[in-house]
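Following: one structure in structure tokens, then a few remarks.
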Amino acid sequence: MATSQTSPQPERSVADVLQDIVANIQQIIHSEFRLAKVELIEKADRASKPATIMGTGAVLGLYGIGFLLLAAVYGLSLVMAPWLAALLVGGVLTIISLILVASSRSQLKQIDPTPEKTIQTVKENVQWAKEQIK
């Protein structure tokens, strides 16, 4: 019969165990960040073509709106002076844009950009780590 001899492992101190735990946690966190980075790069690569197509569509849409406004100016110029038709269309667009900007500006002022949930989670993690060390 073959017997295997195992050498007794020396007792590890609490400090060594804690040091290993901290090192493992650091390794896990670094791995999570690397994974998140790779995932974001892959998703950005997949999104680049549709985003380019969408951007092209948006630019063409803006040109389309411009031509529709030009058509409105031409249409109005049949019943009034061309300069007055252009002034009317431009004035209406300016008033609409000012209303939209003012409305969205007031809504943006009401938003607090502080990431409250993240701050709370970090505080809880710090508190948990302090309790684990004690």
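Looking at the stretch 66-74, can you tell me whether even one residue there is among the small types (Gly, Ala, Ser), in contact with a helix residue (DSSP H, G or I) (Cβ under 6 Å, 6 or more places away or on another chain) and in a helix (DSSP H, G or I)?
So the first thing to find is which residues in the stretch 66-74 are among the small types (Gly, Ala, Ser), and the list is 66, 71-72.
Keeping just the survivors that are in contact with a helix residue (DSSP H, G or I) (Cβ under 6 Å, 6 or more places away or on another chain) gives 72.
From the residues that got through so far, the ones that are in a helix (DSSP H, G or I) too are 72.
Yes, the stretch 66-74 has at least one match.
Yes or no: the stretch 117-127 includes at least one residue that is surrounded by 11 or more Cβ atoms within 10 Å (Cβ to Cβ), without any contact (Cβ under 8 Å) to a residue 40 or more places away in the chain and in a helix (DSSP H, G or I).
Checking the stretch 117-127: at least one residue is surrounded by 11 or more Cβ atoms within 10 Å (Cβ to Cβ), without any contact (Cβ under 8 Å) to a residue 40 or more places away in the chain and in a helix (DSSP H, G or I).
Go through the stretch 96-116 and report how many residues are of a type in the set (Val, Ile, Thr) and surrounded by 10 or more Cβ atoms within 10 Å (Cβ to Cβ).
3
Run Ile29 past the list (1) touching a residue at least 12 places away in the same chain (Cβ under 8 Å); (2) out of contact with any Leu (no Cβ under 6 Å at 6 or more places or on another chain) and report the number of the one that doesn't hold.
Against the list (1) touching a residue at least 12 places away in the same chain (Cβ under 8 Å); (2) out of contact with any Leu (no Cβ under 6 Å at 6 or more places or on another chain), Ile29 comes up short only on (1).
Answer yes or no as to whether Leu100 is over 30 Å from Trp128 (Cβ atoms) and either of a type in the set (Ser, Thr, Tyr) or in contact with a helix residue (DSSP H, G or I) (Cβ under 8 Å, 6 or more places away or on another chain) (or both).
Here the answer is no, as Leu100 does not meet what is asked.
Tell me the residue from Ser31, Ser4, Ser77 that is among the hydroxyl-bearing types (Ser, Thr, Tyr) and at pLDDT 95 or above, please. Steps first, answer last, please.
Working: Ser31 fails: at pLDDT 95 or above; Ser4 fails: at pLDDT 95 or above.
Selected residue: Ser77, the only one of Ser31, Ser4, Ser77 that is among the hydroxyl-bearing types (Ser, Thr, Tyr) and at pLDDT 95 or above.
Taking the options Ile25, Ile53, Ile41, Ile65, name whichever one is at pLDDT below 85, out of contact with any Pro (no Cβ under 6 Å at 6 or more places or on another chain) and of a type in the set (Val, Ile, Thr).
Within the list Ile25, Ile53, Ile41, Ile65, the selection yields Ile25.
Can you tell me which residue among Ile111, Ile41 is of a type in the set (A, V, I, L, M), in a helix (DSSP H, G or I) and under 32 Å from the mean Cα position of the chain (by Cα)?
Ile41
The values are calculated or read from the model by the stated rules, or taken from the named source; none is laboratory data. Predicted model, so just to flag it, every value in this text is computed and none were measured. Backbone-built Cβ (ideal geometry, glycine too); neighbour counts: all protein chains shown.
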